[in-house]
1. Just to check your reading of the model, which residue among 222, 155 is surrounded by fewer than 23 Cβ atoms within 10 Å (Cβ to Cβ), part of a loop (DSSP other than H, G, I, E, B) and not assigned by TED's automatic domain parsing to the domain that holds residue 19?
2. So, in segment 3-47, of the ones that are within 19 Å of the chain's Cα centre (by Cα) and without any contact (Cβ under 8 Å) to a residue 60 or more places away in the chain, which residue ends up surrounded by the most Cβ atoms within 10 Å (Cβ to Cβ)?
3. Would you check if there is a residue in segment 256-267 being surrounded by 15 or more Cβ atoms within 10 Å (Cβ to Cβ), in a loop (DSSP other than H, G, I, E, B) and at pLDDT 95 or above?
4. Of all residues in segment 1-40, how many are within 23 Å of residue 245 (Cα to Cα) and either in a strand (DSSP E or B) or in contact with a strand residue (DSSP E or B) (Cβ under 9 Å, 6 or more places away or on another chain) (or both)?
5. Quick test for you: out of 150, 135, pick the one residue that is modelled with pLDDT under 95 and in a helix (DSSP H, G or I).
6. Specify which of the listed residues (129, 117, 79) is in contact (Cβ under 8 Å) with a residue 60 or more places away in the chain and either part of a loop (DSSP other than H, G, I, E, B) or in contact with a strand residue (DSSP E or B) (Cβ under 6 Å, 6 or more places away or on another chain) (or both).
């Protein structure tokens with residue numbers, strides 16, 4: 001199948017404002033890109049590209065005073081297969097883990113393992129290790145949090161999502177990531193496109209989605225506590241420790257996000 005993905009972000013800035021942008025499709029999907037997702041701005045400004053610590057593609061611009069439109073559209077080839085499931089995937093002991101996975105065991109800004117560790121062991125300590133443990137965490141988070149766009153908050157942490165019982169996809173992912181790390185399973189936060197392809201209506205407004213990956217059986221596997229079922233048409237943009245590492249835009253100055261559009265559509 002072919003999927004058209006893209007976005008349009010419109011900012012108003014009272015003064016020239018540096019921005020870091022993480023909006024390009026992840027390099028792991030490079031061979032699937034049929035129409036490249038070239039980032040463009042209006043008015044046109046110089047764009048500098050780089051790779052961050054986690055290998056994500058990033059761009060830097062200085063948005064001029066006034067209105068700036070940041071947009072891109074691409075076509076991606078996709079197998080149409082759902083997320084891989086591997087119920088027999090085993091959990092590694094800490095000493096078996098590769099060094100690059102260790103950072104994804106640590107607590108950080110949005111995933112407070114220190115505050116959630118005791119709760120995690122009380123809730124999940126009786127579950128078998130490995131795939132079943134991660135699925136048990138997803139089942140809990142899926143029912144524990146009520147999805148509500150109207151109560152979205154950029155500063156909500158995993159601890160706060162656990163206590164407030166409400167959130168959006170990033171909150172589901174943060175809480176599940178924190179619980180997995182508490183149970184000694186490396187987990188990393190992911191952001192990307194996830195449309196409604198293959199799901200029944202009604203459809204909500206499109207947005208970038210948040211999910212997570214865990215390291216089991218020498219492989220990173222995708223889990224999604226928000227939807228809690230294998231999905232198709234998932235197009236990764238970036239991976240990191242939490243939403244801070246994969247923020248689609250990071251601005252350094254006053255600004256107003258005037259308009260925000262995301263699309264993910266199957267091409268017949």
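The values are calculated or read from the model by the stated rules, or taken from the named source; none is laboratory data. Just so it is clear, the structure is predicted and the values come from calculations on it, not from any experiment. In this analysis, Cβ positions are derived from the backbone assuming ideal geometry, glycine residues included, and neighbour counts consider all displayed protein chains.
1. Exactly one residue qualifies, and that residue is 155.
2. 37
3. Of all residues in segment 256-267, those surrounded by 15 or more Cβ atoms within 10 Å (Cβ to Cβ) come to 260, 262, 264-266.
Right, trim to in a loop (DSSP other than H, G, I, E, B) and you get none.
No, that holds for no residue.
4. Residues of segment 1-40 that are within 23 Å of residue 245 (Cα to Cα), as a first pass: 5-11, 17-30, 37-40.
Filter once more, keeping what is either in a strand (DSSP E or B) or in contact with a strand residue (DSSP E or B) (Cβ under 9 Å, 6 or more places away or on another chain) (or both): 5-11, 17-29, 37-40.
So the count comes out to 24.
5. Details: 135 fails: modelled with pLDDT under 95.
It is 150.
6. Numbers: 129 fails: in contact (Cβ under 8 Å) with a residue 60 or more places away in the chain; 117 fails: either part of a loop (DSSP other than H, G, I, E, B) or in contact with a strand residue (DSSP E or B) (Cβ under 6 Å, 6 or more places away or on another chain) (or both).
Matching residue, one of 129, 117, 79: 79.
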